[in-house]
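> Below you'll find the structure I mean.
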Amino acid sequence: MKAVLPVLVVVAAIVVLWYGAAVWMNAAWVRDQAARAGESVSFAQMVPQTLNQERPVLPTPHQVVAELWKGLAGQAVTSKRSLVYHGWITLSATLLGFVIGTGAGILLAIGIVHNRAMDLSVMPWAIASQTIPILAIAPMIIVVLNSVGVTGIVPKAIISAYLSFFPVVVGMVKGLRSPDAMQLDLLSTYGASRLQTLVKLRVPASVPYLFASLKVGVAAALVGAIVGEMPTGAVAGLGARLLSGSYYGQTVQIWAALFAASILAAALVALIGGAERVTLRRMGIAR
Amino acid sequence: MIEARGLGLTFQTADGPVHALRDVTLTIGRGDFVSFIGPSGCGKTTFLRSVAALEHPTEGTLTVNGMSPDAARLARAYGYVFQAAGLYPWRTIAGNIRLPLEIMGFPRAEQDERVDRVLELVELTGFARKFPWQLSGGMQQRASIARALAFDADILLMDEPFGALDEIVRDRLNEELLNLWSQTGKTIGFVTHSIPEAVYLSTRIVVMSPRPGRITDVIESPLPRQRALDIRDTPEFLAISHRVREGLRAGHSYDV
């Protein structure tokens, strides 16, 4: 409870800064309008006109909150104006991609830990894959998959998976290698097989690492899904909402979609955090 | 039981070969309690690890129960206790002791029975469902001994098992270990840095010295098998301690 006050102070500071920036950035339009009408505006007259513009350079917090509320609660969830509708489209691709990426990441990590050839050959490619800007490769993936008849949620999910497998590989390789020499020697004195060593020692030891990776991975998966929605012609999803907002100069819509995306990401990370707490407590690792 | 003849082990390092063991000849009979004492680098741990097939000697022969160490390892001829308890934090005490039994494929009912039995042996009955972090260091080490005893191998190899514990806990565990040894009749190989510990526990003390790692003296203890802690104040005990110290000095163990 002691943390509430500092948190509120930080939030208040951000809101104040935001309003200040909105007044400052949106003032130019007010002055232009006044100049065109041959009038002059005082600061006191100008400020109210910066707070509720239709196409502000920087929307004010209350405009974004109102738009967000309108998008979340003000429409039927099946409406194309509903952020719930778009959010669900993005979320479904995110989750599918996250599952594929996590599965691939875990399998790759197990291979890397057990096979020296894979250790030497796969890791450099995994790292190289992440140095390519996702914006550059996403349209390629969509086009290539389209040409072989794969459309809809799958191409987006693959872009999601492309981003989310990497933290899982890195975290799981570290986690599966975390048991020290003594623990491996101990299993060797029991005559344990490699499979037994994996199941009894390496996998349980890697669980805390896995959760750390999953938190990074799920956020990356969401980014992947949003980016994947942009080259598909902005039909549906939060990415489409962002893109159409920018086509029509609807800055309030863009910010509302951005906030919807970040709320979604925060919720997903929180969900994994909850699963982490429950799992580690059940395993007896968390005290 | 354990027989080493002309055993040598050389590690090839960037600075040239390191002779961890040279010409070690030693026989450990059934039911013996043999301590290995010497400074760091004298090869005592390397010898124990060779018996456990965790290291592979480069010269000489080594048999465990008449088999090669690797075959003996696969036949589960020994239990090994490391300096750190190394209990899995995600398993309860009972779960940790069950680990070797699961790997070796004991039936579930027998696993439970064996876990109960060894917990009683190391006086940890009632702690079965606790997690390792809920136990003191000494209790954790007792649990790790129980884990090594669970599958009832004839040989117990212990590599400085009490080295990280304070002296009071160590005295108590030494006493318990002797009890356990007389109850189970196991053959024990015990590595230590401590002269009193070696003399108090062993029927035979192997004094080793470094560069190259070798045996400088083997002392048959005249002390009776049943001994209480206060035997450490008797002249016999002090005489053996003195001879161990002389053996260490002869091997230049005190040179820095």
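> Taking other Cβ within 10 Å of each residue's Cβ, how do B:ASP159, A:ASP119, B:ASP154 sort, fewest first?
Result, fewest neighbours first: A:ASP119, B:ASP154, B:ASP159.
> Give me a single rounded figure for A:180-188: the average over its residues of other chain Cβ atoms within 10 Å of their Cβ.
That average works out to 5.
> First check a/c for the range B:63-206, with a ≥ b ≥ c the square roots of the eigenvalues of its C-alpha gyration tensor; if it is under 1.5, answer rounded, and if not, answer prolate when a/b is larger than b/c or oblate otherwise.
Oblate shape, in that a/c is at least 1.5 and b/c is the bigger or equal ratio.
> Same structure again: Using θ = phi - 60° and the Karplus relation 6.51 cos²θ - 1.76 cosθ + 1.60, list the HN-Hα couplings for the range B:5-16 in order, rounded to whole Hz, with x at every Gly or Pro.
Couplings: 10, x, 6, x, 9, 10, 8, 8, 10, 4, 8, x Hz.
> Among B:PHE190, B:LEU201, B:PRO212, which residue has its Cα furthest toward the positive end of the charge dipole of the range B:168-228, with +1 on Lys/Arg Cβ and -1 on Asp/Glu Cβ?
Of the options given, the answer is B:PRO212.
> Taking every residue in B:148-159, how many Cβ atoms of other protein chains lie within 10 Å of its Cβ, on average?
For this peptide, the per-residue mean of nearby foreign Cβ atoms is 1.
> Taking the Cα centre as origin and putting +1 on Lys and Arg beta-carbons and -1 on Asp and Glu beta-carbons, what dipole magnitude results for the range A:83-283, to the nearest 20 debye?
380 debye
> Can you give the FRET efficiency to the nearest 0.05 for B:GLU59 and A:VAL143, using r as the Cβ-Cβ distance and R₀ = 51 Å?
With R0 = 51 Å, the Cβ-Cβ based efficiency is 0.20.
> Which lysines, if any, have their Cα less than 28 Å from the Cα of A:LYS2, not counting same-chain residues under 8 positions apart?
A:LYS215
> Computed FRET efficiency, Cβ-Cβ of A:ARG81 and A:ALA34, R0 25 Å: what is it to the nearest 0.05?
The computed FRET efficiency comes out at 0.15.
> Give the average, rounded to an integer, of partner chain Cβ atoms located within 10 angstrom of each Cβ in B:103-114.
1
> Mind running the shape call on the range B:12-119? Use the C-alpha gyration tensor, a ≥ b ≥ c as the square roots of the eigenvalues: rounded below 1.5 for a/c, prolate if a/b tops b/c, oblate otherwise.
prolate
> Then there's this: Amide H to amide H, which residues 5 or more places from A:ALA286 or on other chains are under 5 Å from it, using H placed in the peptide plane?
Counting only residues 5 or more places away or on other chains, the set is A:ARG281.
> Give me the distance in nm between label points sitting 7 Å out from Cα along the Cα-to-Cβ direction at A:ALA270 and A:ALA236, one decimal.
So the two model labels end up 2.6 nm from each other.
> Determine the shape class of the range B:130-256: with a ≥ b ≥ c the square roots of the Cα gyration tensor eigenvalues, call it rounded for a/c under 1.5, and otherwise prolate if a/b is greater than b/c, oblate otherwise.
prolate
> Convex hull over the Cα atoms of the protein assembly as shown, averaged projected area in nm²?
37.4 nm²
> Please give me the summed charge of the neighbours of A:GLU229: other residues whose Cβ is under 9 Å from its Cβ, Lys and Arg +1, Asp and Glu -1.
In short, +2.
> At R0 = 35 Å, how high is the FRET efficiency between B:ARG108 and B:ARG5 if r is their beta carbon distance? Nearest 0.05 is fine.
Efficiency, rounded to the nearest 0.05: 0.25.
> If the cut-off is 22 Å between C-alpha atoms, which lysines fall inside it for A:LYS200, apart from same-chain ones fewer than 8 positions away?
A:LYS200 reaches A:LYS174, B:LYS130.
> Okay, next question. For A:TYR190, A:TYR247, B:TYR88, which order do you get if you count the other beta carbons within 10 Å of each Cβ and list the fewest first?
Lowest count first: A:TYR247, B:TYR88, A:TYR190.
> Hey, another quick one. Take B:LEU74, A:LEU91, A:LEU5 and order them by how many other Cβ atoms sit within 10 Å, fewest up front.
A:LEU5, B:LEU74, A:LEU91
> Got the relative contact order for chain B handy, in percent, Cα pairs under 8 Å and 6 or more residues apart?
26 percent
> Follow-up question, since we're still on this one. With +1 on the Cβ of every Lys and Arg and -1 on the Cβ of every Asp and Glu, and nothing else charged, how large is the dipole of the protein assembly as shown about its Cα centre, in debye rounded to the nearest 20?
Computed charge dipole of the protein assembly as shown: roughly 1500 debye.
> What aspartates and glutamates could a cross-link reach from A:LYS156, if we take a straight Cα to Cα line under 14 Å and drop same-chain neighbours fewer than 8 places away?
Straight-line reach from A:LYS156, under 14 Å: A:GLU229.
> How high is the relative contact order of the range B:1-104? Use alpha-carbon pairs under 8 Å, at least six apart in sequence, and give a whole percent.
Relative contact order for the range B:1-104 comes out at 27 percent.
> Which order, highest average first, do A:271-279, A:223-231, B:91-99, B:172-180 follow once you tally other Cβ atoms within 10 Å for each residue and take the mean per peptide?
A:223-231, B:91-99, B:172-180, A:271-279
> On to the next question. What percent of all Cα-Cα pairs in chain A falls into each 10 Å bin, going from 0 up to the bin containing the maximum distance?
6, 21, 25, 22, 15, 8, 3, 1, 0, 0
Bear in mind that the values in this text are calculations on the coordinates, not laboratory data. Predicted, not measured: the structure shown is a model, and the values here were computed from it. No Cβ is skipped: glycine too gets one built from the backbone with ideal geometry, and neighbour counts run over all protein chains shown.
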